[in-house]
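A short worksheet on the structure shown next.
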Amino acid sequence: MPAVDIPGSKSITARALFLAAAADGVTTLVRPLRSDDTEGFSEGLTRLGYRVGRTPDTWQIDGRPQGPARAEADVFCRDGATTARFLPTLAAAGHGTYRFDASPQMRRRPLGPLTRALRDLGVDLRHGEAEGHHPLTVHAAGVEGGEVSLDAGQSSQYLTALLLLGPLTRTGLRIRVTDLVSAPYVEITLAMMRAFGVDVVRDGTVYDVPPGGYRATTYAVEPDASTASYFFAAAAVTPGREITVPGLGADALQGDLRFVEVLRRMGAEVTVAKDRTTVRGTGELRGLTVNMRDISDTMPTLAAIAPFASGPVRIEDVANARVKECDRLEACADNLRRLGVDVLTGPDRIEIRPGKPAPGVEIKSFGDHRIVMSFAVTALRTPGLTYDDPGCVRKTFPGFHDAFATLPTAG
């Protein structure tokens, strides 16, 4: 049974870095993701004065419950949304002046609902240019706590940032959520907070986060389920090809593993064991209509294999895919049309008709790692596809192209 070694989860690594920095004691992270995003997060912690020690397979972080060691710092968040949203929130719990900026791509991505909530909690936070976007400055004096309302309909990261902040406030936080997208990512946050000694009480859309801080721990990072989706899809589009991902099974934290259920509905053979998941291509790939609101990071993966289905593939309720590294709905539609495939898009949906993608087309990456990795699956059955920016995969998986080139062949 050919096993594929998938790097650690980006979302789990980012949360673990925040929790480790905030915890009392030294935390060891086992098999964290090493990519541009997580290197940027780690570098940001270092600039704030946290001590981060790294070996190839483990990172050690000296926690500082009282906040950053430096009274003043400039942090560049690169392209990383978790870095750009979580680090200013972490800094707010300390004392000092902290300036944050990000790449042009990340500057375009919103964080207004989060910064409004932080201001509602008394944080002195100022945007340097466009309101609700980077760059920004935090004049931190700790956070008292209290009650705050949040709209997380654009990104669940806004809610995760406030949840992570809660135990660092003096009196705790009560967060009332008016809208929420990508809910499984919040479940990851709550489970990880438990691992660091904090239990959040949830009553419907209200989250009560106690004060008292975090306890350091040793934390193993599971493989990235979004990244695994390309390998599972590669099996599904190739009759007889079987791919197993160890470390991602029934006990996995990440909701994006639900992508294999979409492949099962389309006709792939799927086995989810306790600690591993296997997908095997059967030669059948049916069309379907699927709501991907909770697993929208895997929307491009499904869009990229949709032309090979026997009927139309309609993906619904993915409006938030428009505010990722790029507008992923339009990026997928644009590339599929370049391949000669018939596509319709709406504000929150995309419908793809069956068709044989044209060979020899250059895929436009829009600077988005997930667009390149998704269309690498299309390329398995479409000769001569190239990419205008193949290197943008370094954001989450620098070794992606090598790993994909050595996929196990059909059995």
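The values are calculated or read from the model by the stated rules, or taken from the named source; none is laboratory data. Please read all numbers here as calculations on a predicted model, not as lab measurements. Cβ atoms come from the backbone with ideal geometry, glycine included; neighbour counts cover every protein chain shown. Ligands, DNA and RNA are stripped out before the accessible areas are found, and what is left, the full protein with its side chains, is counted by its heavy atoms. Shrake-Rupley method; radii C 1.70, N 1.55, O 1.52, S 1.80 Å.
Data table
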item	result
Calculated P(r) tail over 27 Å for the chain, as whole % of Cα pairs	49 percent
Distribution of pairwise C-alpha distances over the range 10-220, 5 Å bins, in %	1, 8, 17, 22, 23, 17, 9, 2, 0
Crossing angle, helix 36-48 versus the chain [Cα axis fit, 0-90 degrees, rounded to tens]	10 degrees
Average accessible surface area per residue within the range 10-220, 1.4 Å rolling probe, Å²	36 Å²
Percent of Cα-Cα distances greater than 19 Å, calculated over the range 225-405	53 percent
Estimated Rh, the range 335-402: Kirkwood, alpha-carbon pairs, angstrom	12.7 Å
Fraction in percent of alpha-carbon pairs per bin - 10 Å, the range 141-274	11, 34, 27, 18, 8, 1
S9 accessible area, 1.4 Å probe, all protein chains in place, Å² to nearest 10	0 Å²
Per-selection Rg to Rh, the range 275-327 - Cα, Kirkwood hydrodynamic radius	1.02
Per-selection metrics, the range 157-213 (Cα): Rg and Dmax in Å	10.4, 29
Simple Cβ-charge dipole of the range 107-174, Lys/Arg +1 and Asp/Glu -1, about Cα centre, in debye nearest 20	200 debye
Full-extension gain in nm, D388 to E187, via 0.36 nm per residue minus C-alpha separation	68.8 nm
Eligible lysines near K10 by straight Cα distance, threshold 19 Å, same-chain separation 8 or greater	K324, K395
Normalised contact order of the range 10-220, rounded percent, pairs of Cα under 8 Å and 6 or more residues apart	21 percent
Crossing angle, helix 225-236 versus the chain [Cα axis fit, 0-90 degrees, rounded to tens]	10 degrees
Pair L344, H139: separation of 7 Å Cα→Cβ label points (nm)	5.4 nm
For the range 58-115, Kirkwood radius (reciprocal of mean inverse C-alpha pair distance, Å)	12.4 Å
Percent RCO, i.e. relative contact order, over the chain, from Cα pairs under 8 Å lying at least 6 residues apart	14 percent
Antiparallel %, DSSP beta bridges [both residues in the chain], to 5	65 percent
Fully extended contour minus Cα-Cα distance, from D327 to T97, at 0.36 nm per residue	79.5 nm
Rg/Rh ratio calculated on Cα atoms of the range 70-170 (Kirkwood radius)	0.92
Computed [θ] at 222 nm, deg cm²/dmol, the chain (DSSP H ≥ 4; -39,500 (n - 2.57); rounded to nearest 500)	-9000 deg cm²/dmol
